[in-house]
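Report on the structure given below.
The values are calculated or read from the model by the stated rules, or taken from the named source; none is laboratory data. The model shown is predicted, which means the values in this text are computed figures rather than measured ones. Positions of Cβ are backbone-derived with ideal geometry, glycine not excepted, and every protein chain shown enters the neighbour counts.
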Amino acid sequence: MSNKIQYRRVSDYLIPNLIIPPEEASVRLGKWGMIHKTYLERYKKVFFNTLLIQGKLYQHCAEIENQAREMYDTLIELMKEAEGVTEQLKEENQMEWVCRMQNIEARAR
């Protein structure tokens, strides 16, 4: 990557041509990654802009997405175990199982 910055003229101003690297464009963020990106954009502007300029913003948010997904899945499993939501309950009373699982997922979120 070269250090020369190219500009385009808009009226009397020179605007840098900032392009997202191809590897950044291919990263898909889920719910948690988008929430983190929005948080950085609103409350941590310097850090957000630094990551954006360095081309590491989406990679950072994707890492947060993976960590949050792992924590969410672990929390769901622990809550299921603590509250006795089992496969046996699913076989015996599906509606009760669905209600309890939705409750657990809502609390975990």
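If you check every pair at least six apart or on different chains, which have Cβ atoms under 8 Å apart with a residue in segment 9-20 that is part of a strand (DSSP E or B) first and a residue that is among the β-branched types (Val, Ile, Thr) and loosely packed, with under 10 Cβ neighbours inside 10 Å second?
Every condition considered, the pairs that remain are Pro16/Ile5.
Based on what the data block shows, is Arg69 loosely packed, with under 11 Cβ neighbours inside 10 Å, within 30 Å of Asn103 (Cα to Cα) and within 27 Å of the chain's Cα centre (by Cα)?
no
For segment 73-101, which positions are exposed (fewer than 11 other Cβ atoms within 10 Å of the Cβ), of a type in the set (D, E, K, R) and more than 28 Å from the chain's Cα centre (by Cα)?
Matches in segment 73-101: Glu87, Glu91, Glu92.
Please state which one of Arg100, Arg107 is in contact (Cβ under 8 Å) with a residue 12 or more places away in the chain, farther than 29 Å from Arg28 by Cα, part of a helix (DSSP H, G or I) and of a type outside the set (A, V, I, L, M, F, W, C). Step through it out loud before you land on a result.
Details: Arg107 fails: farther than 29 Å from Arg28 by Cα.
Just one listed residue meets the conditions, Arg100.
Let me spell it out: the conditions are (1) surrounded by 10 or more Cβ atoms within 10 Å (Cβ to Cβ); (2) at pLDDT 90 or above, and Val27 meets all of them except one. Which number is the exception?
So the condition that Val27 fails would be (2).
For segment 30-66, name all the residues that are at pLDDT 90 or above, hydrophobic (A, V, I, L, M, F, W, C) and under 18 Å from the mean Cα position of the chain (by Cα).
Within segment 30-66, Trp32, Met34, Ile35, Leu40, Phe47, Phe48, Leu51, Leu57, Cys61, Ala62, Ile64 meet the criteria.
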